[in-house]
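Peer 1: Once you've had a glance at the structure underneath, I'll fire off some questions.
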Amino acid sequence: MLEKLAKQTAIYGISTIVVRFLNYLLTPYYTRIFDQGEYGIVTDIYALIPFALVLLSMGMESSYFRFTTRAEEEGGDIAEGKRKVFASTWGLTSLNAVLFFIAVWLLNMPISRAMGAVYVAHPEYVTIVAAIVMVDVCSMIPFSRLREQGRAMHFVLLKALSVLLNVGLAIGFGVAGLYSTTFGVGWVLIANLIASVITFVALLPSTNRIIPRIDFKLMRKILIYSLPLLVSGIAGTANEFIDRQMIKYLTPEATAMAELGVYGAIVKIAVVMTLFTQMYRLAAEPFFLAGFKKEEFKEANAASMKYFVIASMIIFLTITLFSDLFALIVGRSFREGIDILPIVLLSNIFAGIWFNLSFWYKREEKTKYAMYITFLGLFVTIALSFVLVPKMGYRGAAWVRLAAEATMVVVSYMLCQKHYPIPYDLKRIGEYFAVGAAAYLVSVFCVEPLGGAWAMVGNFILLCLATCYAIWREKIDVRGLMQAIIRKFIR
């Protein structure tokens, strides 16, 4: 059973890494053509978009997976049951998206004033962002349907189309000199909007001509399940991205956008960790919300947590031990913040652990616990931000994010063990964290002072030792796993 999850994660992962890597090529490009303040606008906008996506999707992605599984469990005309779930969830999210765009379009100037002077000068930025959000929300449930049907390659190819269009247009606009015009950063948004619209059109054939139509009787049941996920999703996304807003509003106005630009650029360097967490999510969500027996679910969830930590530890060491190389991703003026990279990476690891801890209450339809946990994390973020961000700027924001993610992990684990005990191997997980910490500290205090090629060789040896230790400790058949993945792709 766990082998199936590993294969699915690898399939999504290899493809997603290639696709997202192309998208992240925009980071070194933008940080070399925009100054810190201009890139701060990009960081600000792309921190707000996920919040809008979560708000408008209303937790329907998880609900779609859960209720298609329920249609299978209930029997009868399973295909018709799944069609109703798809049509209803797609209908509601699309309606939300259209109403959102109309509201933003009508209230453009008040929203622009609330967002700051930059947006008052360019209120069209706000309208374009609303259009991007509308199209992306309308695409969410059709993309979820591809995942539910196991059509991973179709999913990835459409995502690749979006990214290739976005990257190509963004670079093309730069070559044409459009970023030097008064519209400036707005061309970044135009590239994104064009890519989103074309991808949505390309996605429509996969819906098999199903019309978005809300079945209100079914929707009542879905909303009971999804509304706690919506509330927790809003709090969780706010907790993930509010650090940017805290930098924007709690640091001096003269330097706020520059600090935001540096912080956003360093967060982008953590691309590999972010990609791994995303690809794990793509595979794990439909996998763990399927109809497993209780004990099978517990066994698989406990094992997946351990292997997630192992993979995360290796990625953490890869980036931190070679941070000088990864720093080259961003422009020279943005590298001053490279010291927060280990903190950002640890935050991403804890976010993945918390995601793994969330499956039990989604499976048991006790989604109220999602609200408790995420609101606690949001409270920690806001409270600590007022203390640390004014004093430390973006460095304070990095520490705040780590504290919030760690708090949510601890509370999630305690609730899990109280209400739905899962035998996580804490001793082994702690062992891998200790190995990662030891390798990192040896690098900082013993290897890095060597400098030059010696430091590179020493760090490579440390990374190999940590990786081989995990493989030996878990008796992982790397060759067998790779062969299985290759066979899956060939098939």
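Coordinate-derived values only; no laboratory data. Treat the numbers as computed from the prediction; the structure is a model and nothing was measured. Quick reminder, even Gly has a Cβ in these numbers, built from the backbone with ideal geometry, and neighbours come from all protein chains shown.
Peer 1: Using r as the Cβ-Cβ distance of residue 425 and residue 154, and R0 as 30 Å, what FRET efficiency do you calculate, to the nearest 0.05?
Peer 2: Efficiency for this residue pair is about 0.25.
Peer 1: Between region 358-390 and region 46-99, how far is it from one alpha carbon centroid to the other, in angstrom?
Peer 2: Centre-to-centre distance over Cα atoms comes out at 23 Å.
Peer 1: Net charge near residue 395, counting Lys/Arg +1 and Asp/Glu -1 over other residues with Cβ under 12 Å of its Cβ?
Peer 2: -2
Peer 1: Obtain the radius of gyration and the Kirkwood radius of the chain from its C-alpha atoms and give Rg over Rh.
Peer 2: 0.95
Peer 1: Something else about it: Please compare each pair in 221/306; 248/368; 159/366; 268/418; 159/362 to a cut-off of 28 Å on the Cα-Cα distance and tell me which ones are over it.
Peer 2: 221/306; 248/368; 159/366; 268/418
Peer 1: Which order results if 318, 182 are arranged by neighbouring Cβ count within 10 Å, fewest first?
Peer 2: Sorted ascending by nearby Cβ count, the order is 182, 318.
Peer 1: Taking the number of other C-beta atoms within 10 Å as the exposure measure, put 209, 220 in order starting with the fewest.
Peer 2: Ranked by crowding around the Cβ, least crowded first: 209, 220.
Peer 1: Arrange the following residues from fewest to most other Cβ atoms within 10 Å of their Cβ: 122, 154.
Peer 2: 154, 122
Peer 1: Would you list the membrane-span-like helices of the chain, meaning whole DSSP H runs whose alpha-carbon atoms span at least 27 Å along their axis and whose mean Kyte-Doolittle value is at least 1.6?
Peer 2: Long hydrophobic helices here: 152-175.
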